[in-house]
Amino acid sequence: QVQLVESGGGLVQAGESLRLACAASGSIFSINAMGWYRQSPGKQRELVAAITFGSSTNYADSVKGRFTISRDNAKNTVYLQMNSLKPEDTAVYYCNANGIRTLGRTYPERWGQGTLVTVSS
């Protein structure tokens, strides 16, 4: 069984930074792509940033230049460094992983439980 566990959310003031982490557990050989999504009340879940196994990255326009995604393949962990946070970044942030190869099978996709980020003005 594969699980994703996020950490690092919290309450900060505008302009401050936070670092999110998401660790995948299980007998994992490799994970194709990992990413972060977010959802705020009344809005659809949206992609924030994604990173491939080879570390190619993709960012939402709203976070380019402020957020940095990275991963540690040996630890099956993805990170999101969030700088210059704005009140509009307030949301529940979800970790996503797809193409998860394990000893017994390949999982198409898994989601974390979400971690709340609140940015006050």
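The values are calculated or read from the model by the stated rules, or taken from the named source; none is laboratory data. Just so we're clear, the structure is a prediction, and the values are computed from it rather than from any experiment. Neighbour counts are summed over all protein chains in view; Cβ atoms, including those assigned to glycine, are modelled from backbone coordinates with ideal geometry. Areas reflect the complete protein model, heavy atoms only, side chains present, ligands, DNA and RNA absent. Shrake-Rupley method; radii C 1.70, N 1.55, O 1.52, S 1.80 Å.
Some notes on this structure:
- Residue match in the stretch 106-114 (condition: over 22 Å from Pro41 (Cα atoms), within 11 Å of the chain's Cα centre (by Cα) and open to solvent by 40 Å² or more (accessible area, probe 1.4 Å)): no
- Test for Ile69: is it surrounded by fewer than 18 Cβ atoms within 10 Å (Cβ to Cβ) and either in contact with a helix residue (DSSP H, G or I) (Cβ under 8 Å, 6 or more places away or on another chain) or touching a residue at least 24 places away in the same chain (Cβ under 8 Å) (or both): no
- For the stretch 73-91, filtering for residues that are under 13 Å from the mean Cα position of the chain (by Cα) and open to solvent by 40 Å² or more (accessible area, probe 1.4 Å) leaves 2.
- Considering the stretch 1-27, the residues that are open to solvent by less than 30 Å² (accessible area, probe 1.4 Å) and over 15 Å from the mean Cα position of the chain (by Cα) include one that is farthest from Ile51 (Cα to Cα), namely Val12.
- Residue in the stretch 28-63 that is modelled with the lowest pLDDT, counting only those that are charged (D, E, K, R) and more than 15 Å from the chain's Cα centre (by Cα): Lys43
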